[in-house]
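Peer 1: This is the structure I have questions about; it appears just below.
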Amino acid sequence: MAAATVPGRALHYVFKIGDRAKNAHFFRQVLGMKVLRHEEFKEGCDAECNGPYENRWSKTMVGYGPESTHFVIELTYNYGVTSYEMGNDFGGVTIHSTEILSRAAQHSYPIEKADGNGSVLTSPDGYKFYVIDQAPSSANADPLKSVELHVSNLAASRKYWQQLLQMKILAETKQTLLLTYGGNQASLQLTQITDALNRAKAYGRIAFAVPSANQPSLHEAVKAAGGTILKPLIALDTPGKATVSVLILADPDGHEICFVDEEGFSQLSQVEPDGEQRLDKYIAKDPFQLK
């Protein structure tokens, strides 16, 4: 395989949501995340950041700290779309916290026991959050520890994510791989399942940042390896903010992967002091709230 000149920095995972009010309550009041920025768009994204939809949409970034130091969640809302068919491609997000379960109890939010360690909270759209009732390793550590994706062939996934995208393996079993680009970043867990993989309509996207100088070599490496390139390098504009360069790939199971340039993204992703107020303003106008 050609040299890809990666590694990168794990940024966020994208969820499509159907009701912003319910999700705002879940992510803020139950999980305890903060709104980092909120952006409204009049038409679909050239890189299909909101999925294959041409309508008006919004993006809300939520997390436990700034995007410069924390892995966060991107909540994508397509106006007029109230729900999405769930597949079995997404496993869950793991969070270390001693506060989430008590907040969930206070809000009478359902808590289930996980098969192994911890508890499970399911978001309003059906996404799983595995809560380990322990504090992060340090005061500055990100409580969000990992994102799990399901795969159909772990050997093929290992070859793609480790050899082509150059992620490091932290741990490995016969059915799972835990990978990272290093440091204290949130890790990616790949778990092989026996059922046929179905991405359905609610499929998400994981994002990483790399230096802009590394994007062309990554593009060429994936092309030379016969990998899927959903969108070649493309410049994306956000009104009033920095333009970023993105490359959208798909792994052997079709999981979407965005590699954005670190320089542009660092400017784009600055925390907005009024992000939470802006989200609430638009939620108040949603049809769910006007009935």
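Quick note: the coordinates plus some simple rules give every number you see, no bench work behind them. Not measured: the values here are computed from a predicted model. For neighbour counting, all protein chains shown are included, and Cβ atoms are generated from backbone atoms with ideal geometry for every residue, glycine included.
Peer 1: If amide hydrogens are placed 1.01 Å from N in the peptide plane, which non-local residues have theirs closer than 5 Å to the one on SER187?
Peer 2: When sequence neighbours closer than 5 places are left aside, the close amide H contacts are SER146, VAL147.
Peer 1: Here's something else I'd like to know. Based on the Cβ-Cβ distance from THR122 to GLN163, what FRET efficiency comes out when R0 is 35 Å, to the nearest 0.05?
Peer 2: 0.50
Peer 1: Going down the list LYS22/LYS113; LYS128/LYS168; LYS42/LYS223; LYS59/LYS145; LYS145/LYS223; LYS145/LYS281, which pairs span over 29 Å between their C-alpha atoms?
Peer 2: LYS42/LYS223; LYS145/LYS223; LYS145/LYS281
Peer 1: With θ set to phi - 60° and the Karplus curve 6.51 cos²θ - 1.76 cosθ + 1.60, what are the ³J(HN,Hα) couplings of the range 96-108 in order, to the nearest whole Hz, using x for Gly and Pro?
Peer 2: For the range 96-108, the Karplus-derived couplings read 9, 6, 9, 10, 4, 5, 5, 5, 4, 5, 4, 9, 6 Hz, x marking Gly and Pro.
Peer 1: If you plug each phi of the range 212-217 into the Karplus form 6.51 cos²θ - 1.76 cosθ + 1.60 with θ = phi - 60°, what whole-Hz ³J(HN,Hα) values come out, in order, with x for Gly and Pro?
Peer 2: 4, 5, 8, 5, x, 5
Peer 1: Placing unit charges on C-beta atoms (Lys and Arg positive, Asp and Glu negative, everything else neutral), compute the dipole magnitude of the range 30-105 about its Cα centre in debye, rounded to 20.
Peer 2: 380
Peer 1: May I pose another question? Scale the Cα Rg of the range 178-291 by the rule-of-thumb value 2.2 N^0.38 Å and send over the ratio, two decimals.
Peer 2: With N residues counted in the range 178-291, Rg over 2.2 N^0.38 Å equals 1.33.
Peer 1: Which residue fluctuates most in the GNM of the chain (Cα springs below 10 Å): ALA21, ALA209, ALA114?
Peer 2: ALA114
Peer 1: Pairing rule first: another cysteine's C-beta must sit under 4.7 Å. Under that rule, which cysteines of the chain stay single?
Peer 2: If one checks each Cβ against the other cysteines of the chain, CYS258 turn up with nothing under 4.7 Å.
Peer 1: Now for a different question. To the nearest 500 deg cm²/dmol, what mean residue ellipticity at 222 nm is calculated for the chain from DSSP H runs of n ≥ 4 alone, each contributing -39,500 (n - 2.57), summed and divided by the residues?
Peer 2: When only DSSP H runs of four or more count, the value is -4000 deg cm²/dmol.
Peer 1: From the phi angles alone, apply the Karplus equation (6.51, -1.76, 1.60; θ = phi - 60°) to the range 79-87 and give each ³J(HN,Hα) in whole Hz, x where the residue is Gly or Pro.
Peer 2: So the J values, rounded to whole Hz, are 4, x, 9, 9, 6, 9, 5, 7, x.
Peer 1: I'd like the antiparallel share, as a percent to the nearest 5, of DSSP beta bridges with both residues in the range 9-290.
Peer 2: 70
Peer 1: Hey, another quick one. Take ALA224 and ALA105, extend 7 Å from each Cα along the Cα→Cβ direction, and tell me the distance between the two endpoints in nm.
Peer 2: The two pseudo-label positions are separated by 5.7 nm.
Peer 1: Mind telling me which of SER266, SER187, SER137 comes out most flexible in a GNM of the chain, alpha-carbon contacts under 10 Å?
Peer 2: Residue with maximal mean-square fluctuation among SER266, SER187, SER137: SER137.
Peer 1: So what does the Cα-only Debye profile of the chain read at q = 0.09, 0.10, 0.13 Å⁻¹, as log10 I(q)/I(0), no solvent term?
Peer 2: Log10 I(q)/I(0), no solvent term: -0.41, -0.51, -0.91.
Peer 1: Between LYS113 and GLN29, what is the label-to-label distance in nm when each label sits 7 Å out along the Cα-to-Cβ direction?
Peer 2: 2.8
Peer 1: Need one number: nm distance between label points at LYS42 and ASN198, each 7 Å from Cα along Cα→Cβ, rounded to one decimal.
Peer 2: Computed distance between label sites LYS42 and ASN198 equals 3.9 nm.
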